[in-house]
Structure formats: structure tokens, C-alpha cells
1. Rounded if a/c is under 1.5, else prolate if a/b beats b/c, else oblate: with a ≥ b ≥ c from the C-alpha gyration tensor eigenvalues square-rooted, which is the stretch B:1-106?
2. Using only Cα atoms, figure out Rg for the protein assembly as shown and give it as a multiple of 2.2 N^0.38 Å.
3. Relative to the longest principal Cα axis of chain A, at what angle does helix A:176-189 sit, 0 to 90 degrees, rounded to 10?
4. Where Rh is the Kirkwood radius over the Cα pairs of the stretch B:473-618, the temperature 20 °C and the viscosity 1.002 mPa s, what D in µm²/s does Stokes-Einstein return?
5. Counting helices only, and only those DSSP H runs with n ≥ 4, report the 222 nm mean residue ellipticity of chain A as the sum of -39,500 (n - 2.57) divided by its residues, in deg cm²/dmol to the nearest 500.
6. Take the Cβ-Cβ distance between residue A:167 and residue A:143 as r, set R0 to 22 Å, and report the resulting FRET efficiency rounded to the nearest 0.05.
7. I need A:26, B:10 ordered by Cβ neighbour count within 10 Å, fewest first.
8. If you count the DSSP beta bridges with both ends in the stretch B:20-174, what percent of them are antiparallel, to the nearest 5?
């Protein structure tokens, strides 16, 4: 099998430099290739919920913007009948089977979106402040904590934010096509937390710009 | 020098050098530019905008109308700053402005920042009221943000000499500041001006972070920060602005607001004159007389319009031997090129400083922006907050409460109540400290000293507008203060009329014989103070201006010299020039490769939507104009969709990938809009449909391999996949391993050639591309970009939605009736039966062949029928796409032309600046009309 290529491969060294230049207040890395399934089902259907519970060890959360986690896998609430089921690399086939079995003949859907988004992990004591530069959601511990998630904008990129521990560590699920932009934005937003000088030289988007208007 | 030997909050051990209009001066740490200028005896700071009259520093704060400066040197210059708010630093370079600033021609290289913040209680204003409110709310446990516009909290009482609990008020201030700092959920923002108050208690705060550091500002630190605060409760403790008096020659340097003079004396240790007269209608200015007397100035008189000023303040002044001229006004002044020399108050009084006070206007700007309403208070003689629709309380001077003791009490109560309203504390504040109070003699409103002409009675100093101008406006029939504002320009300067607005309303009232209460105020709009565009832009500039979306294959394109085109937010390779090649040469080469050999294109940007459920087929049949009943699993079909008006909206390919499961592609720019459109119909019109939609645009990377030799490349990549025309027919889908990667391969063609589109999980996109390029190398595989793709599809007459259409084009107009079902219902169908959509002279998509084969018509060129017409010339259409074709060896174009399909073989003309360009109307297909090539 061919080797997978992480979309933020080219950012690795700039990401890893953040921990030291921020004096340990922020750590930044890409967590690529996690299994992700968009799951639509009726949460009032006890058979579906039980089946998922038995197989994955968590009850599908029904409180808005909450996540359930067990055994390194999570279900992120995306809507009244929609979750993002997240697992480890390579687990998409397994999770697809589990969710299809849970659905049975009932109305719903299971879609593999593992390669649709990558995960940028931001953690550390200043992580919350960094995100506040572009995230309109209140991430204060009184309002948002471990096990909370939200679909929102970070700067101009749509993200799903999931707080995974009290460090705090946030997982930012971002569409792969927006990942470069978001990585650049995060590094820029971290400038004041990191060093006297703006960090690094940005990865060029390349080529010369065309003057042509929107097309295609 | 007019600096006092001691006193004030300046640090005399830290002198700072600065220049003003190129002259060197020295001030101290803690000075503003204004206090330092006054300390250096600089009385004239500008000339007025219209009349060129000399003007001096008038106030000590945000309301300053005269002392506008350009501050520059080093990292570029900032225009239109108020000297009263510019903190002095060593090396500061300032120039006076005659009410007109200049933007620096240099780009602003400073960083600007934004931050979202949330709190239970936002307190705006860090004076005595705001500090008390923040303390009460913070001690109750609420999350509090206190925003204060000055370098240090304290507000106007930094400029006073009040005692709290028998000690200087500044001691109390220091204690409160310490208490606030100890509360972890309280955030105190200094140099932070609340500039706008919006719905749902959203308040914008502009914070100045490095300007006061001058060249010492750290490069990495954002110069300013825009706080977007969402507060459950807001306490406005914004204070009040002192009103000037309106009399003849009231604009000379040396005429200042009395409260401002107190601030200069007490806070900055500066006396802005030697002999001072006070002109007032209220008690507050008496404190100014006492401060100046204590500072050693001659204070010959207090001119008080009130007939019998009595009680604590007037008595204290009289005790000092200062004359109180009761029932008198200052009706004129005299002076020279250094400003004021004397005033006339029934008698001539020599003086170089006139301290005026006409009362106070609560700073209700933010309250008005919050949609609050005002009422006029006859006793206080000012507009005060009344009803408030949002969760906002107003306290202290902003609420018409002027005594220090009352301000602190009201602040504590407001803070405690705001915290309690959101669940913190019982709403009862701690006890207020003891403050000595003096019984006040009531204010007597006084708006205008009688004067025949009014030509030198200035109402708005920044805009240079006089009572004569207001008279002219009223004489012209204007009665609304809003009309007078626009006619006279009162209140339209950068100070937004903070010292002019209420006076002008009262003067309009006086001229119309109506009370000021009946006239009302103009509307206060954000921003409260000027805010730079750079701050609103924040980090949204340059590369971060808008997301640039890239595919997983993007690094290869960059490495191979692609020139990029913006397609929506996507960066797509436009063409891949070889060394020394022009764009035209590169595109022709890429087109030739597709037509004659094999070429590859990154088409990962296409939108993709997973559609599944037992009603998926019904759903597709309603969304698309064509039917899908006969589309078997493992096949795909071109689809077109219209909006309800029958106009073409988007197109793509629908793949039937499994039982009750489809994958629809959309245009690159239209993906989000199409998904929204589908969800809208599903959720609002057909909620009974068992259909689920999921965006998978970024899940898949897609490589199109096109050209007569594409089959050979596919065979090399996927030896196990039968690729012959029978096993893998046009519009079929096959799943299998391609280059060792699980893939879905579709035989689709957007170029008219034999072609395959290979879809893989996006993390394999780059590997797949590299494998395609390697496998294709023996066949001379050529990467091609969007321009070649556009040419190739145009040769086949395939319209691009959004380029060849503009939202007024039906499928029939495009000559695509074949894709419009006559048997089923779909969105837009009814509109196709309208008389207008059946008009024979609608714009049809046609081909154009310029009569001269090298003539490349510009896209957008208008088309006419007759070469020689008298104006007005009838336009019959326009060019939508135009290219050079390698296959045709000439230029060609697509165009929308009125009744175009009835004009085949006729001529149209593009009237361009040089001459008329003739072209022949053709069918919109130029290459392989029979479709033989596509089938390999």
C-alpha cells in the first residue's frame, strides 16, 4: 500500500519550534490520518444507541456541543442526529462496519470522511488565548471544557473544535484544503506568544497570481 | 515655563525629548503631548480649517477639537491624533494639523490584532464609577472586563483633589487597582476605548498597545488590538464631557474647558497661563478657581451667569478674595498671535487663560448605540439615559450623577446588580467609602451669549461653524437638528461634535423658540473615536486576507513552476510554462498534448456531495433537470440544475456508486452553495424524504488523465483493471487499485477526448499524481492547467456555469434541451413554461469564428449586427469565452447572442476601440462533432 501524505507535512518544523519559542506555553502539531466517520442516526432509537454503546463503549451524546470518548475513540455532537465518530489511523473500515451494523435497516447514513479533514492539535497554557484571536466561541473553562466540542469559524476557516484534556489540548478538525491557511494563521496568531521576532518564513503558495476573475 | 515645581502624576526624573512642528521641547514621563506642549508654553497648536484662526489646546481628553496632530517618525506616521491622548515618549515627532490629516504614503508594516472576549460584566470606563462597578462585580465572582481609554485608570478624578476616607483619592484608586488585579476573572484593559455597541451586547474595543512606546515598541507586538467583547451585562461608566460657553471670540488659544484646566494643574503639574478668569453657570468651575489660586496664578474673577451663586463653592472662592461677578457673562475677548489677552464681562479683565464651563453632557454615545433612549433632565440641564432595550446599566456621570461619593455608590450598586443578574452575588454591594461633599448650588442652563452677528461665536471648533451658520440654517427653513448638522457640518469632524452637539441643539431651539428637550440630539453612531482601517483588517491581509485553498497535489504544482489562477478560494494551476514559453505557447502545447497524446490535470477542487437514502433517486430527479431512473450502479451521468426561476445554477456529474447511494460533483466554486441549496429543499420542502447529504469535497483527490493515450497510462497504473472500450465504456465507474492505491475511476471527459478521472483518498493524492506522471512518462504525459481545460471544453461547446452563464440563462438558451426532462417535475420546470423563457429572441449560446483567424476577441466584448448604425446602437450579445485553438489552428469564441440559433452563418461585429471586428455565428461546437474521439 502506498504511503499516506500528511497535508501539513511542510509545516512540521515550524510547528515543532513553537514549543520552545513560546517557552512551553503552546505546543502545535498535526495529527493526521485519524479515522473519521460522519454518522447520521436517530438518537431516540434505543437499538442504534445501544449497539454503538456496546461496540464503542460510549453513548452517542445528545447534549449540543458535547463529545463522548472511550478507548481512544470519540463521538462529537454535530447536530441533533449527526455525529463525527473519530478513531485511530486505519480504523475507518472497522468503524464503518460497526456503524452500519448499528443502523441496520433504520434511516441514517455512514460516510467515511477520514481524509476530508486533518487535525491540528493546539495545547498548552496559552492555547485558549491563541484560539481567541480568531474563534468567536467562548473557550473559558466555565463555559467550555474537556469533552466539549463546537463547529465554528477559526479566522476564516470552518473548524470543529474538540477539547480533549485540561492542559488544555484542543483538536481542530479542518478541511484539508483549508489546512495550509489555518496553519499560517495559527503561526501568525502565536507571534506574540512565541518570540521577539515573527516566527519563520511562510510556505509560499507558489507561482505568480493570475489577474483573471473567478472561474470554473 | 509653566510647569509647577511639584505635584502631578508625572515623573520629573524622566525627561523626554520631542519635537512639535520641528521645534525641540522636553516633557516628562506621564505627560501627554498636550500637557507637555502647555508646559513648554506652546499656546497655538493649529489653525482652523475654514477661517485660519489660531487655536490652542481646549480640553484634556477625547473631546479635543483643536489639537489634532500627525505623529510620525520611524515606522510611518499616524494622522489625526488628539494631542490630549498622545502619550509622550522620547523622540516623539509631532506636527500640527489644520484639521486635515495625511495618510502616510508608506505601507503600514505594524501588526494589528483581534481578540474575541466574553464576560459576565463589561464595565466601560475606569473612572471612580467604573472602578467601583468592576470591583463589586468582580468580588461577586463574575467574569469582568474593565475597559478604560487612558494609560492609567482613574478617569477625571486623576485631575481632581478629592479626599476619600480622609486620604487623597489616588490612594483609594491604588487600593482598588490592587484588589482588581488580585481577582483572577477580572481583566483590566488600559488604553482601550469602547468604540461601538452592537446587538446582543457586542461591544468593540480598540486598544492602543505600542504607540506610546515609540521606537522601543517590540516588532512582534501588535500595535493595536480590536477586542470583540460579548458581555452578558454591560455597565457604562463613560463619564461626561464638559460643555463650552458660546460667546463672541470664544475660540482663542487660552480659552479652555475648566475641568481640563484642573486636570492639567493637578495631574500634569502644568499651569496653562498666568492670570485666569472663570466663566461658568455651575459650581464645578469654582474648584478650578481654587486649584489655580493654590497653584499661584492670579485669578481676578469668576464670571457666573447665575444671579445669586451661593453656598459652599462660591463662598470658598470669595473667602480667597476672588471676585464673583454674579449674573454676568463674558461677551467678547481680545488677543493677539499668542492667544487670549483680555475678556469683556461688563468690564475689561486682562487674562491669558479663560476657563469655561457650561455644564456637563453625559457621554451617552455607547448607550445610544445600544439603542437606548434619552430624556432631558431639567434640573441637571442635560440629556440623560432613559430606557434601554439591552442588558445595560449606566452609572455615574454618564447617568447624570456628578458627585464623587454618589458616583462610587452608584458604581458599586451597578456592578453588584449586573453580577447578580447573571448569577453572582446577592446584588448588595459592599459599603462605599467616605467622601466629603459640598452642597451644590444648582446649574442654570445657559446656551448662548446674545450677540448680533454670531460670526465669531464658535459652536463647533473643529468644523469652524458659528452661531451665524446655525442662524443661516434655521433661516433657510431647517428645524431638525439632523438637517442643521448636515447643512452646517456641526458634529461631522473627527471629534464628532463632542463639545458642539448639545450646544448646537440648544441654539437651534433658542432660534426656534423651543426648549432643547424638544429639539433632541443627533444620532450618535460608531465609532466613538476614529479607528484605523488597519485595525479592522487585523491580520486579515496579505496571505491571510482570504483562505487560499489548495489540493494535496499543490506542492508538486509549485515545484513544477505552475502559474496559478484563483477559482473561488482555490489556487488552481492555470498553466505550466516551460522555460521561455509565453502563456499562449504553453496553453497551445498543453491542449495539443490532450488532443494528440496524453495529459493530466488536478481536478481535486470539484465539489463532491455524498447522497444516500431510499429516496435518493427521487431527490436527484427533483434537483436536476434530467432523470436518473435509468442510471445503473457503476455508471455516472452529467447533470444540470436550475434555480426556481428556471435559470441554470450549477452542473456536475452524478455517480451511482451503490444501492441508494450517489456521489454528485459540483463546480469548484459552487460546492458550498449547491450543498446549501440541496439541504434547503430537503429540510424545508421535502422533510419526509429519506435522504442524507454529506460534503466530501476534501475527502477525495482526483486526477484527470486525458488524451488518446490515456488508456495506456491507466493500464500501466492499474494492470488488473480492464480498460478496453467494451469493459470500461464511457460514463462507467470502476473501483480497484491504481498505483497500489484504492481508487474509483470514472470514464468522463470534459475535453472531448478519451479520458479517465481517478479518485483516491486525499492523503494519497500526491502519490497518485506522482504515479500518473511516472507511468505517463513513456507517453510524454503533460500536466495541464485550467486554461487548456477551458479551451478544450470550449472547442466542444461545453458551457462553464458562471462564465458562459450569468443567472439569466436557461438550459434551453444553452442549447441543452436534451438535458431537460419532459416527463418529470424538477426545480425550475414551471419557469420554463413562462412566456418569457420561450421568447425566440432570448440570448442563445452560439459559437463565433472571427473572420480573421488570428483575431482574438476579448471576453466580454459586446456584439452588434450592423456595422454602420446611428446611435443608439443595438447590442445583440456578448462574447463569454474566447481562445486560440491548437486543434483548429485559429481563434474561436463562445457568445450569448439574441436569437443566436436563428443567425447561423450570419455576421456579427465586436466594436472595439480600434475598429469593428467581424465574426461568423456558428454552432457552439468546433471539434469532433460526432463524439468519436471521446469514445477512444
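1. oblate
2. It is 1.15.
3. That works out to roughly 50 degrees.
4. Using the Kirkwood radius from Cα pairs, D works out to 97 µm²/s.
5. -7500 deg cm²/dmol
6. In this case the efficiency is close to 0.80.
7. Result, fewest neighbours first: A:26, B:10.
8. About 70 percent, rounded to the nearest 5.
Rule-based calculations on the coordinates, nothing more; no lab input. This is a predicted model, so every value here is computed, not measured. Cβ sites come from the backbone with ideal geometry, for glycine too, and all protein chains shown count toward neighbours.
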